[in-house]
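As structure tokens, the structure follows; a few thoughts come after it.
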Amino acid sequence: MTTIDQLREASTNMMANLADHPTLSLAVATAWLNPLHIEHEDEDFDIGGFYGGWDEQETRDIVRFALRIASACLPKLFVELVAGMASGWDYAEVGSAFCAGVKKVYPHIPMGSIFDVTYGIPMEFWGMGWYTSDAEMPFDHLVELVRDLFWFNEDNEDPDQETLHDVAWPIAKALIRSLILQDRQPYADLALLFLYLFSATNESLMDLTEEDYMESGGEYIGWTTDNLIDMEIAYIHKEIILAAKDRALDIVDHQVDIRKALQDNIEIIREAIEAGEDAFERKDIYGRLTWPERDRTRCTARSYLRAAGADAGLLFIRSYFNKD
Amino acid sequence: MFEGMKAQELKDILSAVEPVELKGVALLKRRHPKARQQFPVQVNAQALAEAAEELIDYQGKCEQARERVANLPPVALEAPIEEWPL
């Protein structure tokens, strides 16, 4: 028997004997089925190398981080990943399984790739950026809509964004309040459209650009179960608001009576502001604003989380903006 | 009525506890004695997942037990130690 053969036989015998020892077999099983447990005790432990290795240190670090996230927040996914790695998954398979596992529990959080984990829970910002950046596509047409509805200075037909916002917002506040008070569609969708246009939804992802968020001191959202739940809801809010925005834009474009009502009501509010009336504190302003009649459709869902389409928009407005 | 036990009694009780049967350990024992790989190969994916889940759960319980033992209230010493105040 050669020396190599002797070494191999010794290794084989050692593993066989380890399996028979009560304490050592538990240690070996732990090393096999929960390598993260070992890593907690040894920061230098190479989790990638343990299973046959990946070449890039960065890859191993990311996979290690993803395993910690799964261990803390998604225990079933953690088990799946460990079992997969034990059966010989490569990096790409681990990454795909991790992303799929997160989306299975939190389907609204955008998980592009495993590299997304490194900067906290992924955040997509949809803010108009009135004060931090010139609106770019897809926002140009929205700025144009605001100018068409709210700008009346014929001497300056192309105001800058900040000026446009500062003039339009006081009018929009009263308009939004009146729309919310209608408590029916399509006025809930119109309210959400204007709340979004003026970055007033109270949702960071919708009101801010990434630049706004970082400059205001915002930080990356850490991977905890509570944060995952909060971000899932935030993304549901985003989908509701953007869907309402699209429906409302279609209404403004095609329902002539509603567009005329918008223009008339904006004019009433503007005149009240110019006359010095404290339009937002006195409720009689809302009595002067009128909207075309629309049938009240019955919402069967109790929560916007279980509703779809226009119902979700109406229930969302009721939950967050019309609690009176 | 329990009136306490001595250290040796406790040691004897703990020593008599049978090792817990874990699926992961059972899978290890099924590894071919002449296999060159350190860990079993060609294990059913479902069995692997169940074994990993059971082991992780067991580790969690051990950690909880360890913390409970570490946080046990102190036992007042009745034996007089005259030198203690020195």
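Of the conditions (1) within 24 Å of A:Arg247 (Cα to Cα); (2) open to solvent by less than 40 Å² (accessible area, probe 1.4 Å); (3) at pLDDT below 90, A:Ile114 satisfies every one except a single condition; which number is it?
So the condition that A:Ile114 fails would be (1).
For segment B:38-67, which positions are assigned to a helix (DSSP H, G or I), of a type in the set (A, V, I, L, M) and either open to solvent by 80 Å² or more (accessible area, probe 1.4 Å) or more than 10 Å from every other protein chain (Cβ to nearest Cβ) (or both)?
Matches in segment B:38-67: B:Ala65 only.
Can you tell me which residues in segment A:20-45 are at pLDDT 75 or above, in a helix (DSSP H, G or I) and open to solvent by less than 70 Å² (accessible area, probe 1.4 Å)? Even if it seems obvious, please write down each step before you answer.
Step one: of segment A:20-45, the residues at pLDDT 75 or above are A:20-34.
From the residues that got through so far, the ones that are in a helix (DSSP H, G or I) too are A:20, A:22-33.
Passing the criteria: A:Ser25, A:Leu26, A:Ala27, A:Val28, A:Ala29, A:Thr30, A:Ala31, A:Trp32, A:Leu33.
Could you say which residue among A:Leu145, A:Leu175, A:Leu77, A:Leu179 is within 14 Å of chain B (Cβ to nearest Cβ), among the hydrophobic types (A, V, I, L, M, F, W, C) and more than 17 Å from the chain's Cα centre (by Cα)?
Matching residue, one of A:Leu145, A:Leu175, A:Leu77, A:Leu179: A:Leu77.
Mind checking which residues of segment A:3-32 are more than 7 Å from chain B (Cβ to nearest Cβ) and hydrophobic (A, V, I, L, M, F, W, C)? Talk me through it step by step, then tell me what you get.
Of segment A:3-32, the ones more than 7 Å from chain B (Cβ to nearest Cβ) are A:3-7, A:9-11, A:13-14, A:17-18, A:20-21, A:23-24, A:27, A:31.
Matches in segment A:3-32: A:Ile4, A:Leu7, A:Ala10, A:Met14, A:Leu18, A:Leu24, A:Ala27, A:Ala31.
Being of a type outside the set (A, V, I, L, M) and within 11 Å of chain A (Cβ to nearest Cβ) is true for just one of B:Lys23, B:Lys11. Which residue is that?
Result of the check over B:Lys23, B:Lys11: B:Lys23.
How many residues are loosely packed, with under 14 Cβ neighbours inside 10 Å and part of a loop (DSSP other than H, G, I, E, B) when one looks only at segment A:100-109?
Here the count works out to 1.
Could you please tell me which pairs satisfy a Cβ distance under 9 Å, a separation of 6+ or placement on different chains, a first residue in segment A:147-160 that is surrounded by 10 or more Cβ atoms within 10 Å (Cβ to Cβ), and a second residue that is assigned to a loop (DSSP other than H, G, I, E, B) and of a type in the set (Phe, Trp, Tyr)?
A:Pro159/A:Trp151
What are the pairs with Cβ atoms under 6 angstrom where one residue, in segment A:218-235, is free of Cβ contacts under 8 Å to residues at least 40 places away in the same chain and the other, located anywhere, is assigned to a helix (DSSP H, G or I) and surrounded by 15 or more Cβ atoms within 10 Å (Cβ to Cβ)? Sequence gap at least six, or different chains.
What qualifies is A:Ala234/A:Leu205.
Just one of (1) open to solvent by 70 Å² or more (accessible area, probe 1.4 Å); (2) modelled with pLDDT of 95 or more trips up A:Ala234, so point out which.
Just one mismatch for A:Ala234, condition (1).
Take the conditions open to solvent by 30 Å² or more (accessible area, probe 1.4 Å), among the polar types (S, T, N, Q) and over 21 Å from the mean Cα position of the chain (by Cα) and apply them to A:Ser71. Does it pass?
Here the answer is yes, as A:Ser71 does meet what is asked.
The values are calculated or read from the model by the stated rules, or taken from the named source; none is laboratory data. Keep in mind that this is a model prediction, so the values were computed, not measured. Methodologically, a virtual Cβ is constructed for each residue, glycine included, from the backbone with ideal geometry; neighbour enumeration extends over all protein chains shown. Areas reflect the complete protein model, heavy atoms only, side chains present, ligands, DNA and RNA absent. Shrake-Rupley method; radii C 1.70, N 1.55, O 1.52, S 1.80 Å.
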